[in-house]
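Quick notes on the structure that follows.
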Amino acid sequence: MGLVLDAFERSGNEALGYSVVFGVGWVCAVASFTMFLFMRDLTRERPIRMPLKRAIVSFVGPLKDHGFRPVLGFLAVFVIGQVFPGNLFSAFALESLKMPFTVIQFAAATHALGSIALTPFWGYLADRYGNRPVLALLSIGLAFSPLMWLFCFPGRDVANAAILISGHVFSGAVWGGVALCQLNLLFATAKTEDRATYIGVGLALQAIVGGLAPLAGAATMEFLRGVLAAPDAYKVVFSVTMGLRFTSVFFLLPVREAGSLRLREAFRQLKQVNPAGFRAVKRLARSTDPSRRGDAIRSAAKSRFTLAVDEIAKSLHDPSPSVRREAALALATMGTERAVVELVHQLTEHQDLVEEETIEALGQIGDPRALESLVLHLQNPRSNLRRAAAKALGKLGCKEAEQPLISAASDPNDADLRRSSLQALRVLGSTAAIDVVAEALRDPYPSLRIAAAEAVAEIGFRELASVLRETLGRHGDEAESEMAYALGAVGDEGDIPRILGIAAQCRSVITRRRCLLGVARIVGVESTAYRLFMTEGFERDAALL
C-alpha cells in the first residue's frame with residue numbers, strides 16, 4: 001500500500017490514491033465480516049440472564065474489591081502511557097520528516113515481524129514466571145520504544161529510515177508481549193465466580209482512558225506548537241509518553257497475581273535467558289531421538305537456562321535411562337527450587353526409575369528438603385544407590401542427616417554403605433559419629449579404616465588417639481599410612497617413632513609421604529613439608545638447603 005500511495009503522489013493524484021487504499025480496506029472488511037457470520041459459537045450450558053439494571057449495579061463489585069483495585073490502577077496508567085501520543089508518530093513522520101509512505105509501511109511491517117517473532121517467547125515467560133513480572137519488563141521496554149523517534153531529524157531520510165525500520169522490530173516485539181500479558185493479567189486477577197464482570201470492568205476502564213488520553217496528548221501538542229517548532233513539539237510529547245510508560249511500572253508493584261514470581265527473583269532468573277538456551281529447549285521439546293535429547297539437555301544446562309527446568313524435568317520420566325541421567329545432571333547444574341522439587345518427586349514416586357545421577361544431583365544442590373527422600377534410599381535394594389544416597393546426605397550440610405548416616409555406618413552387613421556413610425559424616429563434621437568412627441578403626445576392611453582415619457584427622461577426634469595407637473601396624477595393609485597421618489593429627493610427639501616405623505615399611509612413595517606429613521603435622525610444619533613434596537629436582541634441593 002505504501003508503494004501505491006507513493007506512486008499516486010508522484011503523479012499528482014494523492015487523493016485518488018487514498019481512495020483506492022480505503023476502497024481495498026473496505027473490501028477486506030466486508031470479506032472479514034462475511035466470514036465472521038459463518039462462525040458458530042459454543043452453546044452455553046447454563047446461561048445467566050440478568051436484568052439490565054442489576055447488570056449495571058454488578059459492575060460496582062470489582063471496584064470494591066481491594067485486591068482488584070491495584071490492577072485497575074495499573075491498567076489505567078499503563079493504557080494512558082500507551083495511547084497518549086495517539087497518531088502523532090505518523091503525523092511526525094509525514095509532516096516533519098516528510099517520509100515516503102513506502103518507508104512508513106516498511107516500518108509497520110518490521111513492527112509486525114517483531115511482534116510475530118517474540119509473542120510466543122513472551123507467552124513462554126508468562127507461563128513460567130507469571131504475567132506480572134513479564135509486564136514489568138515489557139513496561140520498561142515500552143517506555144524506551146519512542147526513543148528512536150528522538151533521533152530522527154528532517155532532511156536525514158536515509159538515517160531516519162534505517163532508525164525507524166530497525167527500531168520497529170524492537171517496538172513490535174514489546175507490543176506483542178504487552179497485548180498478550182495485559183489481557184492475561186486481567187484474567188488471572190479476576191475472581192473466578194464473577195470473571196465476566198471483572199473483565200468487563202477492566203476493559204471498560206481501558207476503553208474510557210484509551211479515548212481520553214489521546215485527546216490530552218493532542219491538546220498538549222497543540223499547546224506546544226504555540227511555543228516550539230513542530231519537530232521539537234512532537235519530541236516533547238514523545239518524551240512525556242516515555243515518562244508515563246515508565247511510571248506505570250511503579251503502579252504494577254502493588255498488584256498481586258497468584259502463582260507469579262516476585263519481581264526481583266524473576267528478573268534474577270531472566271538475566272540468564274539467552275538464545276542458545278532457548279534453542280536448546282526448542283530442540284528438546286521437538287526431538288524424538290534419545291541422543292539428540294541428551295545433547296539438547298546438555299546445551300540447556302551449559303547455558304544455565306533456568307527457563308528450561310520444566311522441560312528438563314519432564315525428561316526425568318523419559319523411557320531412555322541415558323536421557324534420565326542427563327536430565328538429573330542438568331537439574332543439578334540449574335540448582336533452582338523447581339529442580340529440587342522435581343528431583344525429590346522422582347526419588348519418592350518413581351523409585352524404580354531412579355538413577356545414581358538423580359541422587360547425586362540432590363547432593364550437589366544441597367537443599368535440606370531432599371533429606372527425607374535421600375534417607376529413604378539408604379535402604380534401596382541397589383547398592384550403588386545406597387552409597388550415592390549416603391554421599392548426598394553428607395553434602396546437604398544439615399544436622400538432621402547425622403543420625404541416619406550413623407545408623408548406616410553401623411550396618412555390619414554392608415561395608416560399602418558403611419564407608420560412604422563415614423565419608424559423609426566426615427564432610428558433615430559430625431562429632432556425634434565418634435563411636436562409629438572408633439569401631440571402624442578396628443575393622444578388618446582397609447577401606448573402612450581409611451574412611452575412619454580421614455574422619456579422625458578432619459574432625460579432630462583426639463579421644464581416638466589411643467585407638468589409633470592400639471590398631472596402627474596391626475594389619476600391615478594400604479590403610480596404615482592414612483591411620484599414621486590421623487595419629488599425627490590427634491597425637492603428640494611421643495607418637496613420632498611409631499609413625500616413622502610405619503613410613504619405613506611403606507613400599508609406595510605416596511603412602512610414605514603421607515606418613516611423613518603426619519610427623520610434620522605434629523611438629524607444626526605440615527604446609528612446608530607438603531610444599532617440599534610438590535617440588536622436583538633442583539627446586540627441592542634448593543628448598544632443602
The chain: relative contact order in percent, alpha carbon pairs under 8 Å with at least 6 residues between: 9 percent
For the range 56-264, size of Cβ-based charge dipole, Lys and Arg +1, Asp and Glu -1, in debye: 420 debye
Folded to 0 to 90 degrees: helix 14-37 orientation relative to the chain principal axis, Cα: 60 degrees
Net dipole in debye of the chain [+1 Lys, Arg Cβ; -1 Asp, Glu Cβ; about Cα centre; nearest 20]: 1480 debye
Segment Phe151-Trp26, extension gain: residue separation times 0.36 nm, minus the distance between their alpha carbons: 41.4 nm
On Cα atoms only, tilt of 101-129 relative to the major axis of the chain in degrees: 40 degrees
Hits among lysines - C-alpha to C-alpha of Lys302 under 25 Å, sequence gap 8 or more where chains match: Lys271, Lys282, Lys314, Lys391, Lys395
Ordering of 304-310, 466-472 by packing [mean C-beta count within 10 Å, highest first]: 304-310, 466-472
Nearest 10 degrees, 0 to 90: helix 290-302 Cα axis against the chain principal axis: 90 degrees
Segment Ser527-Asp289, length gained on full extension (0.36 nm per residue, minus Cα span): 80.4 nm
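Every number here is computed from the coordinates shown, using simple stated rules; none is lab data. Since the model is a prediction, treat every value here as computed from it, not as a measurement. Note that we place each Cβ from the backbone using ideal geometry, even for glycine, and neighbour counts take in every protein chain shown.
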